[in-house]
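Notes to accompany the following structure.
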Amino acid sequence: MVAIGVLTAALPSGYLADRFGVKKVTIGLVLPVLGFTAIVIFAQDVYALCFGRWLAGMASGGISVVGPMYISEISEVSIRGTLGSFFEFLIYVGVMIVVACGAFVHYITLTVIMGALAFILGVVFVFLPESPTYLMKCDRRSQAEQALLFYRPPDYNINGALDEIEECLHLGRKKTNIREALKSRAVRRAFLAAVGLTIIQQMSGIDSVLFYTVQVFQAAGTNLDPYMSSIIVALVELVSTVIAVFVIEKAGRKVFLYISCMGTGLCLATLALYYHLKVLDVYFTGMNVIPLVSVVVYSFMFAIGLGPVSYLVYGELFAPEVKGLAIGVTITTNWTCLFIITKTLPGMMDDMGPHVPFYMYSVLVMTGTIFIKFFIPETKGKTLSQIQMELEGFKCPNRDCSAS
């Protein structure tokens, strides 16, 4: 139901963000979370809970679209990667809070805690500025200047930044509907890159592992407690995203994607091999730790590449005129794949053996490095307008373009 909620909200959220501004949509997304909280408190049957989870999914889908948009539009080039990686980091902060609280409190209490946090964050966002790109698109340059001043030091070249936004808007101004936009080489290449990357991300099986961590360890049949193992994995994911925040600008986006794809693929292959050996009744000393080590290293490898870099790149690839709709399509694709994979994993583990799906995920995610090599543009250290020019096929020296 969460996945269906995401699919319901992703495209409309992108359109509404383009039409009314990222800030208003972000604040509005608090409402379905509060609705979910109220339903859980008063629900009398499972159908009400399903409806509540659908509302929660709408909030998740919406913020997955507007979050990368807002981050990319308020960030200066030198720290855009660091700020972009915070999106994935805070997802795992949420996961860790739920895992930790869920182990000790009733699910209704847990939901009330989550609803209260969402309300507080919504109130805080009221006092933050609107996206400067949206304000410039609405010809409100003075307000855009104030928005940028909120996030920049006093001596920053605000006029230069506003001129860059205006240049980026100018590149996409003639492509204001999706049919015309798709005729643009830049938009087509950006769509191919973003949709392909989001499919690779899901083909890594991350959400299957995340949602079914306990079942994965139960199927492993080790003497390790599956619930404690899931908490260890969640903690590793959180620590990994903290590391990603500090290293994301040390190398190109594609470097982290290569490392992440190969690392997650090898870890999944190791986990699949463990299950396969169990099917063949092959055992050796120390074998029982393979599932935990494999999943822990897998989580680390995902968290330094496919996790944060994917959302970061979504926000960097598209021109402002189509960004909301384009990211909406990308997130819709992401959660469609998530829905299919999470619905099929338990059945595949039961019917085909637990090793088969993990072998499959391993091959798919490692094959993704070929797609990344040829279809994902390098965006590190480049302004958003330079990225658009390069997607259109124009060459622009990196240092010269990013100087603005």
Checklist entry - For segment 335-376, what are the residues that are at pLDDT 85 or above, in a loop (DSSP other than H, G, I, E, B) and buried (at least 17 other Cβ atoms within 10 Å of the Cβ)? => result 353, 376
Next on the checklist: Can you tell me which residue is surrounded by the most Cβ atoms within 10 Å (Cβ to Cβ) among those in segment 248-291 that are touching a residue at least 40 places away in the same chain (Cβ under 8 Å) and of a type in the set (Lys, Arg)?
Outcome noted: 253
Checklist entry - Are any residues in segment 51-68 open to solvent by 30 Å² or more (accessible area, probe 1.4 Å) and of a type outside the set (A, V, I, L, M, F, W, C), and if so, which ones? => result 53, 60
Next on the checklist: Against the definition (closer than 23 Å to residue 39 by Cβ, without any contact (Cβ under 8 Å) to a residue 12 or more places away in the chain and part of a helix (DSSP H, G or I)), how does residue 120 come out, yes or no?
Outcome noted: yes
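Do we have any residue at all in segment 40-50 that's acidic (Asp, Glu), over 30 Å from residue 160 (Cα atoms) and open to solvent by 30 Å² or more (accessible area, probe 1.4 Å)?
yes
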Next on the checklist: Looking at segment 305-331 only, could you name the residues that are at pLDDT 85 or above and surrounded by fewer than 24 Cβ atoms within 10 Å (Cβ to Cβ)?
Outcome noted: 329
Item to check | Enumeration of residues in segment 131-145 that are outside any helix (DSSP H, G or I) and either open to solvent by 60 Å² or more (accessible area, probe 1.4 Å) or touching a Gly at 6+ places or on another chain (Cβ under 6 Å) (or both) | outcome: 139, 140
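Does residue 87 qualify as being open to solvent by 60 Å² or more (accessible area, probe 1.4 Å) and not hydroxyl-bearing (Ser, Thr, Tyr)? Quick ask: steps written out before the conclusion?
Values: open to solvent by 60 Å² or more (accessible area, probe 1.4 Å): no; not hydroxyl-bearing (Ser, Thr, Tyr): yes.
Spelling it out, it is not the case that residue 87 is open to solvent by 60 Å² or more (accessible area, probe 1.4 Å) and not hydroxyl-bearing (Ser, Thr, Tyr).
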Checklist entry - Out of curiosity, is residue 71 open to solvent by 20 Å² or more (accessible area, probe 1.4 Å), closer than 19 Å to residue 309 by Cα, in contact (Cβ under 8 Å) with a residue 24 or more places away in the chain and out of contact with any helix residue (DSSP H, G or I) (no Cβ under 6 Å at 6 or more places or on another chain)? => result no
Checklist entry - In segment 91-107, how many are in contact (Cβ under 8 Å) with a residue 12 or more places away in the chain and part of a loop (DSSP other than H, G, I, E, B)? => result 1
Item to check | Of the criteria (1) open to solvent by 20 Å² or more (accessible area, probe 1.4 Å); (2) at pLDDT below 80; (3) more than 23 Å from residue 94 (Cβ to Cβ), which one residue 191 fails | outcome: (2)
Checklist entry - Restricting the first residue to segment 316-330 and requiring it to be of a type in the set (D, E, K, R), which pairs with a second residue that is assigned to a helix (DSSP H, G or I) and open to solvent by 10 Å² or more (accessible area, probe 1.4 Å) meet a Cβ separation below 7 Å and a spacing of at least six or different chains? => result 316/384
Item to check | Residue list for segment 248-280, filter: in a loop (DSSP other than H, G, I, E, B) and under 30 Å from residue 78 (Cβ atoms) | outcome: 248, 249, 250, 251, 252
Checklist outcome for this item: Across (1) at pLDDT 75 or above; (2) within 29 Å of residue 305 (Cβ to Cβ); (3) open to solvent by less than 10 Å² (accessible area, probe 1.4 Å), residue 220 clears everything bar (1)
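Give 49, 110, 128, 148 a once-over and let me know the one that is in a loop (DSSP other than H, G, I, E, B) and hydrophobic (A, V, I, L, M, F, W, C). Even if it seems obvious, please write down each step before you answer.
Numbers: 49 fails: in a loop (DSSP other than H, G, I, E, B); 110 fails: in a loop (DSSP other than H, G, I, E, B); 148 fails: in a loop (DSSP other than H, G, I, E, B).
After applying the criteria, what remains is 128.
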Next on the checklist: Name the single residue that is farthest from residue 320 (Cα to Cα) among those in segment 182-213 being out of contact with any Asp or Glu (no Cβ under 8 Å at 6 or more places or on another chain) and among the charged types (D, E, K, R).
Outcome noted: 207
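The values are calculated or read from the model by the stated rules, or taken from the named source; none is laboratory data. This structure is a prediction, so every number in the text was calculated from the model and none was measured. Cβ: placed from backbone, ideal geometry, glycine included. Neighbour counts: every protein chain shown. All accessible areas refer to the heavy atoms of the entire protein, side chains included, with ligands and DNA or RNA removed. Shrake-Rupley method; radii C 1.70, N 1.55, O 1.52, S 1.80 Å.
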